[in-house]
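Encoded as structure tokens, the structure appears first; notes follow it.
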Amino acid sequence: MNRSKMAADILRLVGGKENVASVTNCMTRLRFQLKDHKKADVEALKRLDGVQGVVTKNGQFQVVIGTDVGDVCTELKKLGGFHSDADAQQSNQDGSIVMRFFGTLTAIFQPIIPALAGSGMIKALLALLVATHLVSPDSQTYAIFNAFGDALFSFMPFILAYSAAKYFNCNPFVSASLAGVLLHSSFTALNTGDPVLLFGFIPVTMVSYSGSVVPILLIVWVQSYIERFANKISPKPVKIFLAPMLTIIVTGILGITIAGPLGNIVGQVLAVGFNWLNDYAGWVIPVLMGAFCPFFVMTGMHYCFAPIQTIQYATLGYGTILGPGMLASNIAQGAASLVVGLRTKNRKLRELAFSSGFTALMGITEPALYGVTLKLKRPLIATCIGGGVAGLYAGITHLHTYSSTTAGLLALPVYIGGDGFGNVINAVITIIISIVVTAVATFILGFDDPADDDAATVPAAPSASSQENKVVLSSPIRGQAVPLESVKDDAFASHALGLGAAVQPDEGVVTAPAPATVSSVADSGHAIGLTTDSGVELLIHIGLDTVERKGKGFAVRVKTGDHVQKGQELIRFDLEDLCKAGYDVTSPVIVTNSDDFLDVVAVRDEKVGHTDTLLTVLRRS
């Protein structure tokens, strides 16, 4: 590979150096901040020799290279005169105000999605128990479980304060204190209908902030500026208490007089818009969400709708923004993938299509999207058709959810509410329409079935001779082994970097899976490349997007060129800190030279330790 020529070609195809605000790299890909994404020739980049894929994620334009990415990035920086610290403003800085706004919402809400989904399912389960008369709404059991499910929504300002503080880079505990002001009994007790005045002349608009979304986001945004100013002017001997004191007082005053009431007005305006849509165009959003949800998922935009959905729950008591349309789309994604599994003659594709199809029916669509429908293209079109038609039925029947959770078959209880079982029956019909229409469309449109080149040559049993033709690699990380296709990053899930598996870690230790030489170590410590003594080239990538930590929490025990033994410690990382920071810690383990081998067989859905087999690499005979 001529890295200089490749760098020059990439720079030309992303729009030239004048279109590049910054460029950096992680272990496998170039990460561009482009001034105008439209100037990049994506299709030409994908065809470029050495480029394994192109991904747009969280405002970044990413070009997947593989383990040679460091050398290519070095050449790029020489050509363009880019500096390594030019990526200070990484995400959401593409020059578009709208994209920065939605990117901000995505970054703040993404870490709390699991808590929202879990709380929503508890409320759904409780609704099911009440509807079947297994639990009385007047019982103490109901009260306790209702608290389990409702706590997140009642104290939403606290949760959002912490997440927003992490995004705006300010003290999260000060932010939580400001959220506490909005919900404090002394403050809420003033809401009696009489005018409330601060210092006797500053009017305070009293608002019910429990379950609100926009007010605390505005308040923490204001805090980020006040806090920086307070830290700047506070003398060092008293900064430890003076800066946070000034931040709480000044931000608190601005919060209860301006930012909080302004956020409440925004919420009321949105409520009016929701009512108008429900009254006059209730079918529009489910149709659009049902048809185009896969594209929202690809760009991460689906997280942007979470705050709007939360506001809708707070103002109307039910939701129509996400649930109905996503239910139609997710089921369609599963149906399309299952039809591909039935029709394909490719063994690997069949296994992937069936496993990811059933996963999509449960509401997790990324494996089916990246591993099947997006690759084959026409099944994705069928998914959009089926999702759109089912979304139309959902909209016409005013299908709605009563709490948030992942949209799939297991989420049917969230459709049970005060209107009995009529709403959930419409949800079931929506599912049936989505399956039938998508299946028919997939059969009619068809797809280009990839050749199954190795179907006849895979060893049927591990005979004595076949033992010599395979390399067994232990798990470098202790935890739960999961399919690579389930990783929420299409560069990994689509096998663009090679075959392999992923591990959801139980501890922050990476060890050598076999005797090997360290071929590369990321400067940030989040990834390492190995070449085993048997010739297998491995990439171990700790978490997703963890390059953004810039080495924080990672301790590398080896250096490039070191020879390591099986089980030798390579990297330690702070697993708890990564989880608290909202990172997906699922860690891919990739055979980057997969094409040199017959197959790579991965352990799936099992607990693995450092001495347990994770990958078996089959040599060509």
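The values are calculated or read from the model by the stated rules, or taken from the named source; none is laboratory data. It should be emphasised that the depicted structure is a prediction, and the values quoted were computed from it without experimental measurement. Cβ: placed from backbone, ideal geometry, glycine included. Neighbour counts: every protein chain shown. Quick note on the areas: whole protein, heavy atoms, side chains included, nothing else; ligands and nucleic acids left out. Shrake-Rupley method; radii C 1.70, N 1.55, O 1.52, S 1.80 Å.
The table that follows gives values for the structure above.
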quantity	calculated
Residue list for region 2-48, restricted to those being open to solvent by 20 Å² or more (accessible area, probe 1.4 Å) and out of contact with any helix residue (DSSP H, G or I) (no Cβ under 8 Å at 6 or more places or on another chain)	Asn2, Lys5, Asp9, Arg12, Glu18, Ala21, His37, Lys38, Val42, Glu43, Lys46, Arg47
Selection from region 90-106 of residues that are out of contact with any Gly (no Cβ under 8 Å at 6 or more places or on another chain) and either at pLDDT 75 or above or in a helix (DSSP H, G or I) (or both)	Ile97, Val98, Phe101, Phe102, Thr104, Leu105
Residue identified as open to solvent by less than 40 Å² (accessible area, probe 1.4 Å), assigned to a loop (DSSP other than H, G, I, E, B) and either in contact with a strand residue (DSSP E or B) (Cβ under 7 Å, 6 or more places away or on another chain) or modelled with pLDDT of 85 or more (or both) among Val55, Val63, Val51	Val51
Residues being assigned to a loop (DSSP other than H, G, I, E, B), open to solvent by 10 Å² or more (accessible area, probe 1.4 Å) and farther than 19 Å from Trp283 by Cβ - total across region 313-360	3
Single unsatisfied condition, Met298 versus (1) over 28 Å from Val372 (Cα atoms); (2) modelled with pLDDT under 75; (3) not aromatic (Phe, Trp, Tyr)	(1)
Sole exception among (1) among the aliphatic types (A, V, I, L, M); (2) out of contact with any Lys or Arg (no Cβ under 7 Å at 6 or more places or on another chain); (3) crowded, with 22+ Cβ neighbours inside 10 Å for Val564, by number	(3)
Residue, modelled with the lowest pLDDT, within region 529-547, restricted to residues that are of a type outside the set (A, V, I, L, M), open to solvent by less than 20 Å² (accessible area, probe 1.4 Å) and in contact with a helix residue (DSSP H, G or I) (Cβ under 9 Å, 6 or more places away or on another chain)	Thr546
Candidates Leu270, Leu277, Leu288, filtered to the one that is out of contact with any strand residue (DSSP E or B) (no Cβ under 7 Å at 6 or more places or on another chain), open to solvent by 10 Å² or more (accessible area, probe 1.4 Å), at pLDDT 75 or above and part of a helix (DSSP H, G or I)	Leu288
The one condition in (1) buried (at least 22 other Cβ atoms within 10 Å of the Cβ); (2) out of contact with any His (no Cβ under 7 Å at 6 or more places or on another chain); (3) closer than 30 Å to Pro114 by Cα that Val591 fails to fulfil	(3)
Residue check, Thr310 surrounded by 22 or more Cβ atoms within 10 Å (Cβ to Cβ), modelled with pLDDT of 75 or more and polar (S, T, N, Q)	no
Residues of region 369-406 classified as outside any helix (DSSP H, G or I) and open to solvent by 10 Å² or more (accessible area, probe 1.4 Å), total	8
